[in-house]
Every structure is written in structure tokens, then in C-alpha cells.
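Working notes, structure below.
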Amino acid sequence: MARIEVSGLTKHFGGVTAVDDVSFAVEPGSVTGFLGPNGAGKTTTLRMLLALVRPDGGGATIGGIEYADLAAPLEAVGAALESTGFHPGRTGLDHLRAYTAAAALPSSRAAAVLDLVGLGHARGRRVGGYSLGMRQRLALATALLGDPAALILDEPANGLDPQGIVWLRRFLTEYADAGRSVLVSSHVLTEMQQLVDRVIIVHRGRLVQQATLAELADAHGDLETAFFNLATEQEPRP
């Protein structure tokens, strides 16, 4: 099990505060939605959590350990923050084998995770010929290589067709049901309504709500209404 814990994360870019003292936790066995409008600080928070950006304050741990100190990071946490950055001339299988070699994982994991995400039929195709939805699946396959205890995904449904979205929803739910932690950042509220157990909402770099989906429903009726009500409360008054 790997509890994700963020404590007081803060990041400034010049005179702009992108993330302002944000704290939250993602519990094992749950799918948690990380929501907020564009520019709310979601991606910067995730990048600090994964040691891709140095925070100006606060910290974050996965299973009680900072990402940079993890002995086997791919086994602790799998992350997919974008579906770009693939070498277009490599096949999907070759892309994943490069990662298994670098992480000292069995090369057999490459074919196994391709089958797991429904790309087994395209393992020999060059990534340059993949659709956006296929690249999303390949990014997820990369995150799954170490069979991690936690998953961190940024807009994982982007580019997926309706059948793919249903598949992703089922996959992530089952992954969490096995006692793992899943953190999903998205702006597609209708999809999050059907996927998540808990919700973290940020706006203008600050945490505005952390609650279960049921608690938000009791207070606001549905996730979309809750999101807009809470965001409106944070807007400066004229």
C-alpha cells in the first residue's frame, strides 16, 4: 500500500504563486479526483509530487517516502502526466522495453502491460502511427510497468473513444479495489462523477475542498454543481 500525502506544497514562478500551501492525502483503496480549472496549479502540484519541479515550500511523500528517495520508484508509483514524448520511430513494444531495461525490470513486462491496456495488437506498430487514444494507453502501460502501489494520471481519458473511457473507468476502479492508491487529474467533471470516490478541488493555486463524492452530493447535489459553487466562492468580489 502507498498512501500519497501532500503537505503545504508551495511554488512560485517569478511573481506568480502557482501553488499556495496545498495539503491533501490519497488513501489506498480509493480513486481520488484532482480537479480545478486551467491554471489552478494541478499539474505543478503533480510535478512537485514526482520530483520534477522543486517546491519552494512543503513536501510530498508516497508511502511515507519522498519520490527522490524511493529505492524502486516504478514499483512504488506509476505516473502518466502526458501522452507525448514517445520516439515516433519506435514500436510500442520497443518503447516499453527501453524502460524495463533502464529500471532492471523483466523485459516480459513490456508485452504484459501492452496486453493489459489493450494494445497487444499494436505492439509492432511504430508509435508515430498511433492515434491520441493509443498514445494515452501507451502512457498508462508505461506507468504500469513496475506494478506500482500508486498511480498518478493527468487527463488519462483525453483522446479515448467512449468504449475506451468505459474500459479506463473499470480498470482504475479495479486497480484501487486491490488496495492501491489512484490520483486522477481531470477537468471532465461528468467522467469524474462516475469514476472517483473522493475529490480534491483546487482553485487559483489553493485547496478549496477535500471530500468524498457522497459528501459533495449531500451538500451540492452533484460534482459539477459543487465544482462551480466552490470555484465561485474563491473569485474576488467586485
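Would you confirm whether any residue within the stretch 103-116 is out of contact with any Leu (no Cβ under 6 Å at 6 or more places or on another chain), under 21 Å from S181 (Cβ atoms) and either assigned to a helix (DSSP H, G or I) or small (G, A, S) (or both)?
yes
Given the condition closer than 29 Å to A178 by Cβ, buried (at least 16 other Cβ atoms within 10 Å of the Cβ) and of a type in the set (G, A, S), answer yes or no: does some residue in the stretch 48-67 qualify?
Yes, the stretch 48-67 contains at least one residue that is closer than 29 Å to A178 by Cβ, buried (at least 16 other Cβ atoms within 10 Å of the Cβ) and of a type in the set (G, A, S).
I'd like the residue in the stretch 85-139 that is within 20 Å of the chain's Cα centre (by Cα) and basic (K, R) and, out of all such residues, is surrounded by the most Cβ atoms within 10 Å (Cβ to Cβ).
Checked the stretch 85-139; the qualifying residue surrounded by the most Cβ atoms within 10 Å (Cβ to Cβ) is R137.
Among the residues of the stretch 117-143, write down those that are under 23 Å from S30 (Cβ atoms) and assigned to a loop (DSSP other than H, G, I, E, B).
Answer for the stretch 117-143, where residues must be under 23 Å from S30 (Cβ atoms) and assigned to a loop (DSSP other than H, G, I, E, B): just V117.
Determine, yes or no, whether P88 is outside any strand (DSSP E or B), more than 29 Å from N229 (Cα to Cα) and not charged (D, E, K, R).
Numbers: outside any strand (DSSP E or B): yes; more than 29 Å from N229 (Cα to Cα): yes; not charged (D, E, K, R): yes.
So P88 fits the description; yes.
Every residue in the stretch 168-209 that is over 13 Å from F227 (Cα atoms), out of contact with any strand residue (DSSP E or B) (no Cβ under 7 Å at 6 or more places or on another chain) and not aliphatic (A, V, I, L, M), please.
Passing the criteria: R169, R170, F171, E174, D177, G179, E191, Q194, R204.
Name the residues in the stretch 144-176 that are part of a loop (DSSP other than H, G, I, E, B) and under 16 Å from V31 (Cβ atoms), would you? Please lay out each step first, then the result.
In the first step, residues of the stretch 144-176 are kept if they are part of a loop (DSSP other than H, G, I, E, B); the result is 144-149, 155-161.
Matches in the stretch 144-176: L144, P148, A149, E155, P156, A157.
Please identify the pairs in which a residue from the stretch 97-109 that is aromatic (F, W, Y) has its Cβ atom under 7 Å from the Cβ atom of a residue that is at pLDDT 90 or above and in a helix (DSSP H, G or I), counting only partners at least 6 apart or on another chain.
Here the result reads Y99/T142, each pair linking the stretch 97-109 to a residue that is at pLDDT 90 or above and in a helix (DSSP H, G or I).
Out of A60, A18, report the one residue that is touching a residue at least 40 places away in the same chain (Cβ under 8 Å), part of a strand (DSSP E or B) and in contact with a His (Cβ under 8 Å, 6 or more places away or on another chain).
Details: A60 fails: in contact with a His (Cβ under 8 Å, 6 or more places away or on another chain).
Only one candidate passes the filter, namely A18.
In the stretch 1-26, which residues are surrounded by 16 or more Cβ atoms within 10 Å (Cβ to Cβ), among the hydrophobic types (A, V, I, L, M, F, W, C) and under 12 Å from G205 (Cα atoms)?
Listed by number, the residues that qualify are L9, A18, V19, V22.
The values are calculated or read from the model by the stated rules, or taken from the named source; none is laboratory data. What you see is a predicted model; the values in this text were computed from it and never measured. Positions of Cβ are backbone-derived with ideal geometry, glycine not excepted, and every protein chain shown enters the neighbour counts.
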